[in-house]
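Below you'll find the structure, written out as structure tokens, and then a few comments.
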Amino acid sequence: MKNWSTDVSSLLLRIVAGAVFIPHGYSKVFGEGGPAAFSADLPSYHIPAFLGYLAAYAEFFGAILLIAGLLTRIDALLLAGTMFVAVFVVQLPDALHDPDGHGFSAVLHTIELPLSLLAINAAIMLIGPGRLSLDSVLRIEERVMRRGTAAV
């Protein structure tokens with residue numbers, strides 16, 4: 001059984017990550033041009049445009065669900081995947097190819113927020129939603145685990 005500090009840690013990580021993602025997702029979903037405008041740039045990075053829609057909706061609606069602790073591991077997986085792409089496919093290569101590059105610290109400064117969010121969401125996937133979540137209240141994790149062991 002998980003201890004209280006793990007539950008509070010999970011809640012804190014979920015709230016912070018969700019609070020950071022919501023305004024970014026809101027601007028992608030409801031901003032000028034909507035998710036289509038966000039997705040339009042992705043093919044230049046060799047990323048299918050439909051993943052832009054997925055990322056935009058995950059950043060807004062997934063962040064809300066993350067804070068509530070509903071479908072937590074799936075939300076964290078989608079958000080971690082979005083941040084993985086942001087760090088390693090978009091921002092890091094752009095920073096490394098910057099002709100005015102100012103060294104290693106400038107590159108780290110470029111990727112610090114998405115890299116932090118990637119780590120936070122990876123931690124949430126590992127520790128789970130905790131008892132202070134809708135997943136726990138609705139016993140979603142328990143049902144999934146029970147079905148998973150029954151299938152094996």
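Each value in this text was obtained by applying a stated rule to the coordinates, not by laboratory testing. Just so it is clear, the model here is predicted, and its values are computed rather than measured. Positions of Cβ are backbone-derived with ideal geometry, glycine not excepted, and every protein chain shown enters the neighbour counts.
Helix-derived [θ] at 222 nm for the chain: sum -39500 (n - 2.57) over DSSP H runs of at least 4, divide by residue count, nearest 500? Don't skip to the end; give the middle numbers.
Details: 9 runs with 108 residues, N = 152.
Taken over the chain, the calculation gives -22000 deg cm²/dmol.
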Problem set entry | Two-site label geometry, A106 and S27: point separation in nm, points 7 Å out along Cα→Cβ | 2.3 nm
Seminar exercise, completed: Candidates D41, D98, D75; GNM for the chain (alpha-carbon contacts under 10 Å) flags as most fluctuating D98
For this session: Could you tell me which label, among [x] 17.1; [y] 16.6; [z] 17.9, carries the value of Kirkwood radius over Cα pairs in Å calculated for this structure?
Result: [y]
Exercise. Please state the relative contact order of region 4-151 as a whole percent: Cα pairs under 8 Å, 6+ residues apart?
Worked result: 29 percent
For this session: Would you list the membrane-span-like helices of the chain, meaning whole DSSP H runs whose alpha-carbon atoms span at least 30 Å along their axis and whose mean Kyte-Doolittle value is at least -0.5?
Result: 4-30, 104-127
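Which FRET efficiency value, to the nearest 0.05, is calculated for A37 and V89 with the Förster distance at 22 angstrom and r the Cβ-Cβ distance? Working shown, then result.
Details: r = 19 Å, r/R0 = 0.86.
After rounding to 0.05, the efficiency reads 0.70.
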Exercise. Once both labels are modelled 7 Å past Cα along the beta-carbon direction, what's the A150-S9 spacing in nm?
Worked result: 3.2 nm
For this session: Could you please state, rounded to a whole Å, how far the C-alpha centre of region 77-152 is from the C-alpha centre of region 10-36?
Result: 14 Å
